[in-house]
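Notes to accompany the following structure.
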């Protein structure tokens, strides 16, 4: 079974803080994704990575950056957290982009920015 | 860019009633996937359809992919309380998977 883990289930930060969200997958998947989920807006893609040290902007990259130094780990960084970044953050991985492969999601991190 | 529209946004049913959610893409898809997210949980893959006109069943769930590969539906027969959650479709095209906004299903016992 594919396992995707995220560093925290719940996180509370203050406005202006730098926030790191970590995601690890154990199935040697090529691709990793970061989404945020808000009521009524569904899943919105922030960034994705199809290889180590490679990254691509998704639909809403503003205010975020990412890092992928190792194949199994994909980090989402909020350089200066703001209240409008309060959300559920979901990490996912997939074996290959070809054909838009099945994505396996982590349990999510609910981030609150005060 | 590619858009995937899903309706309805919400559906409340009595236990035992049927339920259907529909998904429409602005472009032709290479595949369509369906996911379920239980309350408090994360999206979990249910099924993938790749062929024009394809129909697949999983117990009380029936999934269809349209002839033009631009629309899909998920039908649940005789809903149960265990079916509650948000159902997402996701369209695959040009090496990208685009999620619909989901349909939240609630079931009254």
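The values are calculated or read from the model by the stated rules, or taken from the named source; none is laboratory data. A quick note: this is a predicted structure, and the numbers were derived from the prediction, not measured. Don't worry about glycine lacking a Cβ; one is built from the backbone with ideal geometry, like all the others, and counts go over all protein chains shown.
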* Structure fact -> Within the stretch A:96-114, the residues that are over 16 Å from the mean Cα position of the chain (by Cα) and either modelled with pLDDT of 95 or more or more than 12 Å from chain B (Cβ to nearest Cβ) (or both) are A:113, A:114
* Within the stretch A:3-11, is there a residue that is more than 14 Å from every other protein chain (Cβ to nearest Cβ) and modelled with pLDDT of 95 or more? -> yes
* To do: Can you give me the ranges of the strands (runs of 3 or more DSSP E) entirely in the stretch B:27-109 with at least 3 residues that are touching a residue at least 12 places away in the same chain (Cβ under 8 Å) and away from chain A (no Cβ under 14 Å)?
  => B:61-65, B:71-76, B:103-108
* To do: Would you list the strands (runs of 3 or more DSSP E) that sit entirely within the stretch A:49-114 and hold 3 or more residues that are without any contact (Cβ under 8 Å) to a residue 40 or more places away in the chain and surrounded by 20 or more Cβ atoms within 10 Å (Cβ to Cβ)?
  => A:64-70
* Evaluate the following for residue A:40: is it within 11 Å of chain B (Cβ to nearest Cβ), at positive phi and outside any strand (DSSP E or B)? => yes
* **Positions within the stretch A:4-42 being free of Cβ contacts under 8 Å to residues at least 60 places away in the same chain and either within 11 Å of the chain's Cα centre (by Cα) or within 24 Å of residue B:87 (Cβ to Cβ) (or both), in sequence order** => A:20, A:22, A:24, A:34, A:35, A:36, A:38, A:39, A:40, A:41, A:42
